[in-house]
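Please read the structure below before turning to the comments.
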Amino acid sequence: RCGYVAIVGRPNVGKSTLLNHLLGQKLAITSRKPQTTRHNMLGIKTEGPNQIIFVDTPGLHSNQEKAINRYMNRAAASAARDVDVVVFVVERTRWTEGDQLVADKLRGIKCPLIIAVNKVDQLEDKGDLLPQLQALADSHPRAEVIPISALRGINLDTLENVILQHL
Ligand code: GDP
Ligand code: MG
């Protein structure tokens, strides 16, 4: 199996942390400060006969007045168009305008959509899924929701297996 996987989501949800953990190396810069990833980054994971090419995207920015934001949005949008699987990373408890922007862009995509609910290590209470996420999952014919912690490595093997099933 071989294919491209885009990792999308608003800034600071943990996309680069996820990529680094999946690859087992520090490829992408992670930071508490948004906008540390300014370009699409490719990371290639080869395991036996399988090869996954991950695309870490800069995240979508709602302020379109800055040229750098427009540039980053174009990079993220083109990555999401040209891949076999899209992984939409969101935070467990926080839903912002930025998440909604990404969710709106993802509505109607044809390729498999995996919603990775990140930072589950931060919260004891595992309540229901955010209604906005449920709506997105329901609108897609084959969306899957997987709770993870990119930082602690929780459930990343499940995420990887689901990705591989789609390639
Ligand atoms: P990106 O902008 O989406 O690429 O986000 P980063 O990967 O740069 O991460 C943003 C911040 O979230 C960093 O401070 C990370 O350490 C933190 N972070 C990422 N994943 C997790 C997680 O699973 N749990 C917790 N507690 N923090 C995380
Ligand atoms: Mg990043």
Taking every other residue with Cβ under 10 Å from the Cβ of LEU151 and scoring Lys and Arg +1, Asp and Glu -1, one gets +1
Describe numerically, in nm with one decimal, the distance between label points set 7 Å from Cα along Cα→Cβ at ASP121 and at THR46. 3.0 nm
Accessible area of region 98-160 with a 1.4 Å probe: how many percent of it is carbon plus sulfur? 50 percent
Put ARG10, ARG142 in order of accessible area, largest first, 1.4 Å probe: what do you get? ARG142, ARG10
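The values are calculated or read from the model by the stated rules, or taken from the named source; none is laboratory data. What you are looking at is a predicted structure, and each value in this text was computed from that prediction instead of being measured. For neighbour counting, all protein chains shown are included, and Cβ atoms are generated from backbone atoms with ideal geometry for every residue, glycine included. For accessibility, only protein heavy atoms count, side chains too; no ligands or nucleic acids. Shrake-Rupley method; radii C 1.70, N 1.55, O 1.52, S 1.80 Å.
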